[in-house]
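Here's the structure we're looking at; comments come further down.
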Amino acid sequence: MKLQIRKYGDPILRQKGARIEKITPEITRLIADMFDTMYDVRGVGLAAQQVGHALQLTIIDVRGIKDRPSTMQVEGKPVEPAEQMPLVLINPELKFSADQFTGPEGCLSFPEIFAEITRPAEVDVVALDDKGKKISFHAGGLLGKAVQHEFDHLQGILFIDRMSSETKRELKPELDVVAAETKAALKKKR
C-alpha cells in the first residue's frame with residue numbers, strides 16, 4: 001500500500017525515531033508499504049519519519065542508478081551493491097570516514113529541490129534487517145550518501161541542515177513554498 005510522503009514543514013520530520021525492540025507484523029507491513037511508496041516515486045531511500053512514523057527504520061535501494069556509482073564491502077571484501085539490495089536498516093549505527101565528498105542530493109520530502117551537500121565519503125553501518133538479524137557493511141558513493149541521508153532523517157535532521165548558508169538562502173523561496181503548502185494541508189486535516 002502506498003503511503004503519503006510527509007513534506008517539509010510537517011513536524012514529524014523533525015522527530016527523532018524511537019528504537020524498534022521487536023519486529024512485529026505491523027513493522028513488517030510498514031516496511032512493505034514503505035517499499036511500495038519509495039518505488040512508486042522512484043526514490044532510492046525512505047525513512048519512517050517521511051511516512052509519518054517516528055521510528056529508527058529506513059529502507060534503501062540504489063539499483064539502477066548508473067550516473068552515481070555505489071561501493072560496498074561486507075566483512076572487508078568488495079561486493080556488488082546491486083546484489084545486496086534492497087536494504088532494510090533498523091536501529092542503524094554509523095561510523096563516518098574522515099574524508100569528505102560533495103555531490104548532488106535531493107529528498108522526497110522536498111519535491112524538486114536539489115543541492116550540493118558535503119558528507120563523509122564513506123560510512124560503516126551496523127543495523128538489523130527486516131528479520132531482526134544483525135548486518136554490517138561499509139558503503140561509499142551513492143550508497144554511502146543515501147545511508148547518511150536516511151540516518152539523518154531518523155535523527156530529525158534534514159538535508160537542508162547540511163546545506164551551506166548561501167545555498168539555503170538561494171533556495172529559501174522554494175523552501176518557503178513547500179513549508180507553506182504543508183502547513184496549509186496540515187491545517188485542513190484538523
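Of all the residues that make up the range 85-116, how many are touching a Gly at 6+ places or on another chain (Cβ under 7 Å), within 20 Å of residue 51 (Cα to Cα) and not β-branched (Val, Ile, Thr)? Let's see the steps before the verdict.
Residues of the range 85-116 touching a Gly at 6+ places or on another chain (Cβ under 7 Å): 108, 113-114, 116.
Checking which are within 20 Å of residue 51 (Cα to Cα) leaves us with 108, 113.
Restricting the remaining residues to those that are not β-branched (Val, Ile, Thr) gives 108.
Residues flagged as touching a Gly at 6+ places or on another chain (Cβ under 7 Å), within 20 Å of residue 51 (Cα to Cα) and not β-branched (Val, Ile, Thr) within the range 85-116 amount to 1.
Here is a yes/no grid of residues against (1) of a type in the set (S, T, N, Q); (2) in contact (Cβ under 8 Å) with a residue 24 or more places away in the chain; (3) surrounded by 16 or more Cβ atoms within 10 Å (Cβ to Cβ); (4) over 16 Å from residue 130 (Cβ atoms):
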site: 15; (1), (2), (3), (4): yes, yes, yes, yes
site: 65; (1), (2), (3), (4): no, yes, yes, yes
site: 78; (1), (2), (3), (4): no, no, no, yes
site: 82; (1), (2), (3), (4): no, no, no, yes
site: 98; (1), (2), (3), (4): no, no, no, yes
site: 110; (1), (2), (3), (4): no, yes, yes, yes
site: 116; (1), (2), (3), (4): no, yes, no, yes
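Restricting attention to the range 102-116, does a residue exist that is in a loop (DSSP other than H, G, I, E, B), within 19 Å of the chain's Cα centre (by Cα) and either under 21 Å from residue 44 (Cβ atoms) or charged (D, E, K, R) (or both)?
Applying the first criterion (in a loop (DSSP other than H, G, I, E, B)) to the range 102-116 yields 108-109.
Filter again for within 19 Å of the chain's Cα centre (by Cα), leaving 108-109.
Cutting the leftovers down to either under 21 Å from residue 44 (Cβ atoms) or charged (D, E, K, R) (or both) gives us 108-109.
Checked the range 102-116: at least one residue is in a loop (DSSP other than H, G, I, E, B), within 19 Å of the chain's Cα centre (by Cα) and either under 21 Å from residue 44 (Cβ atoms) or charged (D, E, K, R) (or both).
Got at least one residue in the range 170-183 being touching a strand residue (DSSP E or B) at 6+ places or on another chain (Cβ under 8 Å), within 22 Å of residue 38 (Cα to Cα) and among the acidic types (Asp, Glu)?
no
Go through the residues of the range 157-171 one by one and say whether even a single one is under 21 Å from residue 55 (Cα atoms), in a loop (DSSP other than H, G, I, E, B) and of a type outside the set (Phe, Trp, Tyr).
Yes - at least one qualifying residue is present in the range 157-171.
Consider residue 176 carefully, then state whether it is closer than 30 Å to residue 23 by Cβ, without any contact (Cβ under 8 Å) to a residue 40 or more places away in the chain and in a helix (DSSP H, G or I).
Working: closer than 30 Å to residue 23 by Cβ: no; without any contact (Cβ under 8 Å) to a residue 40 or more places away in the chain: yes; in a helix (DSSP H, G or I): yes.
Judged against the criteria, residue 176 is not a match.
Can you tell me which of (1) β-branched (Val, Ile, Thr); (2) more than 19 Å from residue 147 (Cβ to Cβ); (3) touching a residue at least 12 places away in the same chain (Cβ under 8 Å) is the one residue 59 doesn't meet?
Status for residue 59: all satisfied but (2).
Can you confirm whether residue 76 is in contact with a Leu (Cβ under 9 Å, 6 or more places away or on another chain) and not hydrophobic (A, V, I, L, M, F, W, C)? Give the derivation first.
Numbers: in contact with a Leu (Cβ under 9 Å, 6 or more places away or on another chain): no; not hydrophobic (A, V, I, L, M, F, W, C): yes.
The answer is no for residue 76.
When the residues of the range 118-160 are filtered to those that are surrounded by fewer than 22 Cβ atoms within 10 Å (Cβ to Cβ) and small (Gly, Ala, Ser), which remaining residue is farthest from residue 61 (Cα to Cα)?
That would be 156.
What's the total number of residues in the range 38-86 that are in a helix (DSSP H, G or I) and not acidic (Asp, Glu)? Give the derivation first.
First, pick out the residues of the range 38-86 that are in a helix (DSSP H, G or I): 38-40, 48-51, 81-84.
Okay, now just the ones that are also not acidic (Asp, Glu), so 38-39, 48-51, 81-82, 84.
Residues flagged as in a helix (DSSP H, G or I) and not acidic (Asp, Glu) within the range 38-86 amount to 9.
Any read-out appearing in this document is the output of simple, stated calculations on the displayed coordinates, not a laboratory observation. All values derive from a computational prediction rather than experimental measurement. Please note: Cβ atoms are built from the backbone with ideal geometry, for glycine as well, and neighbour counts cover all protein chains shown.
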